[in-house]
Amino acid sequence: MNPPTRSGVFSRMVLPFALVPPIMIPLAMRDHAAIYRLDPAATNWEWVALLVFLAELVSVTIVAGMLRLTAPAGTLPPTRARALAIAARAAAPLWASAVVLAVPSLGALVTAHLLAHAVALRTLYRDIRHELRLDNDIQALHITYMAYSVAAVLWAPVFVLVFVSLSPA
């Protein structure tokens, strides 16, 4: 089996699955924005979806870079393509959780998203242990949280921008 290439991982894993949230956002806001206590006409949801899509692409790339940078001394860091595949596998539950936007329930959205984060962290942890062949749980957890926290820091301003744009003038 040939090792994955960055373009292959990006075109087969990242792009198709990262499109799920940007597709679901305008659909949910058109069909049942009132459930989320939002005015469907308050903002251009296509622009919000585009911002989310770009943030997804950047965050997967950054997490992949962090995986390479935080590899412990004495271990071979993953290739760029493997690191991107690990980051994409970790992001997949988060992308899939956007499907719950089809359900008009804020509780379902919050629950699905929290579960997706738990699954994403678990996936990232297991992939890091496997890829770097780490026997030390603490070391694997440290790398997992370092890589995941970078994405969280990226998403904070994205959410601020979205919520500021939704706030009444």
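Which value in nm describes the separation of the simple spin-label points at Thr75 and Leu27, placed 7 Å from the Cα toward the beta carbon?
Distance between label points: 3.8 nm.
Give the distance, in whole Å, between the Cα centre of the range 2-65 and the Cα centre of the range 142-160.
The range 2-65 and the range 142-160 have Cα centres separated by 16 Å.
Provide the gained length on full extension for the span Trp155 to Arg37, in nm with one decimal, where the gain is 0.36 nm per separating residue minus the Cα-Cα distance. Don't skip to the end; give the middle numbers.
Values: separation 118, 0.36 × 118 = 42.48 nm, distance 2.16 nm.
Full extension of this stretch gives 40.3 nm more.
Multiply the residue gap between Ser7 and Arg126 by 0.36 nm, knock off their C-alpha separation, and tell me the result in nm, one decimal place. If you can, show how the numbers build up before the last one.
Values: separation 119, 0.36 × 119 = 42.84 nm, distance 2.37 nm.
Additional length available on full extension: 40.5 nm.
How would Ile128, Ile25, Ile35 line up by accessible area, probe 1.4 Å, largest first? Before the final figure, lay out each step's value.
On the way: Ile128 5, Ile25 25, Ile35 70 Å².
Sorted descending by solvent-accessible area, the residues read Ile35, Ile25, Ile128.
Summing -39500 (n - 2.57) over the DSSP H runs of n ≥ 4 in the chain and dividing by its residue number, what mean residue ellipticity at 222 nm do you reach, to the nearest 500 deg cm²/dmol?
Values: 7 runs with 121 residues, N = 169.
It lands at -24000 deg cm²/dmol.
Using the C-alpha gyration tensor of the range 46-115, what are the square roots of 5 times its eigenvalues, in whole angstrom, with the largest one first? Working shown, then result.
Numbers: eigenvalues 179, 40, 14 Å².
Square roots of five times the eigenvalues give 30, 14, 8 Å.
Angle, helix 20-32 long axis vs. longest principal axis of the chain, Cα atoms, 0 to 90°, nearest 10?
Approximately 20 degrees, to the nearest ten.
From the backbone phi of the range 84-96, what are the Karplus-calculated ³J(HN,Hα) couplings (6.51 cos²θ - 1.76 cosθ + 1.60, θ = phi - 60°) in whole Hz, Gly and Pro given as x?
5, 5, 5, 5, 5, 4, 5, 7, 3, x, 5, 5, 5
Of His32, Ile138, Leu15, whose Cα points farthest to the positive end of the dipole of the chain (charges on the beta-carbon: +1 Lys, Arg; -1 Asp, Glu; origin at the Cα centre)?
In the chain, that residue is Ile138.
Which whole-number value in Å² is the accessible area per residue of the chain, probe 1.4 Å?
For the chain, the solvent-accessible area averages 58 Å² per residue.
To the nearest 0.05, how large is the calculated FRET efficiency for Thr111 and Asn136 if R₀ is 41 Å and r is the Cβ-Cβ distance? Could you put the intermediate results ahead of the total?
Details: r = 33 Å, r/R0 = 0.80.
So, using R0 = 41 Å, E works out to roughly 0.80.
I'd like the orientation of helix 137-166 relative to the chain: the angle between its Cα long axis and the longest Cα principal axis, in ° from 0 to 90, rounded to 10.
Rounded to the nearest ten degrees, it is 20.
For helix 45-69, report the angle its Cα long axis makes with the longest principal axis of the Cα atoms of the chain; keep it between 0 and 90° and round to the nearest 10°.
Its long axis makes an angle of about 10 degrees.
What Rg and what Dmax come out for the chain when only alpha-carbon atoms are used, in angstroms?
Rg and Dmax of the chain, Cα atoms, are 17.2, 56 Å.
The values are calculated or read from the model by the stated rules, or taken from the named source; none is laboratory data. As the structure is a prediction and not an experimental result, all values here were calculated from the model. With ideal geometry, Cβ positions are generated from the backbone for all residues, glycine too; neighbour counts draw on all protein chains shown. Ligands, DNA and RNA are excluded from the accessible area calculation, which covers all protein heavy atoms including side chains. Shrake-Rupley method; radii C 1.70, N 1.55, O 1.52, S 1.80 Å.
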